[in-house]
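Down below is the structure, laid out as C-alpha cells.
Every number here is computed from the coordinates shown, using simple stated rules; none is lab data. Predicted, not measured: the structure shown is a model, and the values here were computed from it. Here the Cβ positions follow ideal geometry from the backbone for every residue, glycine too, while neighbour counts run over all protein chains shown.
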Amino acid sequence: MRAMLILSHLGIGLFCLALTMAVHQDAAGANRFPDFKVGVQSYCFRDFDLDGALKNTQALGLKNIEFYSKHASQDMTPEQLKEVKAKLKDAGIKVVAYGVVGFGTDEQANEKIFKFAKDMGIKVITADPTPESFASLDKLVKKYDIKVAIHNHGPGSRYSSLEDILNAVKGHDRRIGACVDNGHFQRSGVNAAEATKKLGKRVHAVHLKDLNAENHDQILGKGVADIPAVLKALKEVGFKGPLNLEYEIEPDNPVPSMKKCLEYLSNACKEMQ
C-alpha cells in the first residue's frame, strides 16, 4: 500500500511538472515577439489567391494579416465578404489593417472604405490620402473610430519625407497618423527610428522591411536597416498597433525567406527585454 501511495504521488508530481512545462512553452510561444503585434502585409502573397495568402500566413505561424485589395476589398459583395470572414475564422487569422488605399474628395467612396473596415473588424487603414480628403477623414475617423495611417512611399511620392507627414496631420484628429515604412524612409534618406520618435503617438501602423545599401529588399538582418533602433523607438513612443512584415521579393515562394525574417525579428524583440 505504501509503495502504491508513493508511486501515486510520484505520478501526480510528474503530471504537474509536465503541465508546468507545457504552460511555460505556451507562454514562450505567445511571447515570440514581446511587446509587438506582428503580422504580415498580404501584398507579400500577391501571386496567391485568398486561400493561398491565408495558408502562407499560417505557415509563418502568424495570426495577424493586413489585407491589400486583391485579397479583400470594399468592392466585394456582402456574400463575398461573408465568405472571406468565414475563411479567416477557419484559419484562425485576424485582419488588423487594410491598405494601402487612396482617399479623395468623393466622401461616399471614402466612407465605403470605412464601412468595409468596420464590417471586417479592421482598426487601421493604411492610406495615401490627397490633401483635399482630410476634411472628410476627420469626420470618418470620429464616426467609425478607425485610424488612418498615412503610408510614406519613396522619393517623388506625395509623402516621401517625415515633414510631408507631419505637415499633413497637423491640426487634424489624432486618429489620423502614420504607417511607418522603414524601407521607404531609407530610400528617401530619412532615419526611420528618428522619424518614429518625432511622430510619436501618431504612429498607428508599421511596415517592416530590410534593404541593402542599394535600396533593394533583403531578408531581415541581411541588409543595412537598423531594425533594432526602429523597434526601440516604437517601444519608446508606446506603439501598440500592427507591425506587419513586408517582404516584397520572391513573390512566387516568399515563405522560406519570410521565416528567416521572422526568426531575426523574434530574436531582436527578445534582446530588448
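Could you calculate the contour length gain from Asp252 to Ala86, that is, 0.36 nm times the residue separation minus the distance between their Cα atoms, to one decimal place in nm?
Between Asp252 and Ala86, full extension yields 57.2 nm more.
Quick one: among Gly177, Gly156, Gly39, which has the greatest mean-square fluctuation in a GNM of the chain with alpha-carbon springs under 10 angstrom?
Gly156
Is the stretch 156-230 rounded, prolate or oblate when judged by the Cα gyration tensor, a ≥ b ≥ c being the square roots of its eigenvalues, rounded requiring a/c under 1.5 and prolate requiring a/b larger than b/c?
On the way: a/c = 2.56, a/b = 1.84, b/c = 1.39.
Verdict is prolate for the stretch 156-230.
Rounded to the nearest 0.05, what FRET efficiency is calculated for Lys139 and Gln58 with R0 set to 41 Å and r the Cβ-Cβ distance? Could the numbers behind the result be given before it?
Values: r = 38 Å, r/R0 = 0.92.
Plugging the Cβ-Cβ distance into 1/(1 + (r/R0)^6) gives 0.60.
If you line up the long axis of helix 50-59 against the longest principal axis of the chain, both from Cα atoms, how many degrees apart are they, to the nearest 10?
Approximately 50 degrees, to the nearest 10.
Straight-line reach from Lys232: which lysines have a Cα under 21 Å away, not including same-chain ones fewer than 8 places off?
Within the straight-line limit of under 21 Å, Lys232 reaches these lysines: Lys37, Lys197, Lys198, Lys201, Lys209, Lys222, Lys240, Lys260, Lys270.
Report the full-extension gain for the segment Glu107 to His172: residue separation times 0.36 nm, less the Cα-Cα distance, to one decimal in nm.
Difference between extended and current length: 21.7 nm.
Which lysines, if any, have their Cα less than 24 Å from the Cα of Lys82, not counting same-chain residues under 8 positions apart?
Partners found: Lys55, Lys63, Lys70, Lys94, Lys112, Lys115, Lys118, Lys123, Lys143, Lys147.
Add -39500 (n - 2.57) for each DSSP H run of 4 or more in the chain, then divide by its residues: what number comes out at 222 nm, to the nearest 500 deg cm²/dmol? Present the calculation step by step, with values, prior to reporting the outcome.
On the way: 10 runs with 127 residues, N = 273.
-14500 deg cm²/dmol, from helical runs alone.
So I have (i) 7, 28, 32, 20, 6, 4, 3, 1, 0; (ii) 6, 23, 29, 21, 12, 6, 2, 0, 0; (iii) 7, 29, 38, 22, 4, 0, and one of them is P(r) over Cα pairs in 10 Å bins from 0, in percent calculated from this model. Which one is it?
The value computed from this structure is option (i).
Using a basic spin-label model with each label point 7 Å from the Cα along Cα→Cβ, how many nm lie between Glu132 and Arg158?
1.1 nm
Using DSSP loop states and a limit of at most 12 other Cβ atoms within 10 Å to flag trypsin sites (Lys or Arg not before Pro), what is the longest stretch of the chain containing no flagged site?
1-169
For Lys270 and Ala213, what is the calculated FRET efficiency with R₀ set at 25 Å and r taken between the beta-carbons, to the nearest 0.05?
Numbers: r = 27 Å, r/R0 = 1.09.
In this case the efficiency is close to 0.35.
For the chain, find the longest principal axis of its Cα atoms and tell me its angle to the long axis of helix 255-271, 0 to 90°, nearest 10.
For helix 255-271, the angle is close to 80 degrees.
I need the GluC sites (Glu not before Pro) found in the stretch 225-260, filtered to DSSP loop residues with at most 16 other beta carbons within 10 Å of theirs.
Sparse-neighbourhood loop GluC sites (Glu not before Pro): Glu248.
For Lys115 and Ser69 in one chain, what is 0.36 nm times their gap in residues minus the Cα-Cα distance, to one decimal in nm? Walk me through the numbers on the way to the answer.
Numbers: separation 46, 0.36 × 46 = 16.56 nm, distance 1.48 nm.
Between Lys115 and Ser69, full extension yields an extra 15.1 nm.
What is the distance in Å between the Cα centres of the stretch 237-261 and the stretch 129-185?
Rounded to whole Å, the Cα centres lie 22 Å apart.
Which one of Thr126, Thr105, Thr57 has the biggest mean-square fluctuation once the chain is modelled by GNM with Cα springs under 10 Å?
Its mean-square fluctuation being the largest, the pick is Thr105.
Once you have a ≥ b ≥ c as the square roots of the Cα gyration tensor eigenvalues for the stretch 91-162, tell me rounded if a/c is under 1.5, and otherwise prolate or oblate according to whether a/b is larger than b/c.
oblate
Hey, what do the phi angles of the stretch 60-74 turn into as Karplus ³J(HN,Hα) couplings, whole Hz, using 6.51/-1.76/1.60 and θ = phi - 60°, x for Gly and Pro?
7, x, 9, 10, 10, 9, 10, 7, 10, 4, 5, 8, 5, 7, 5
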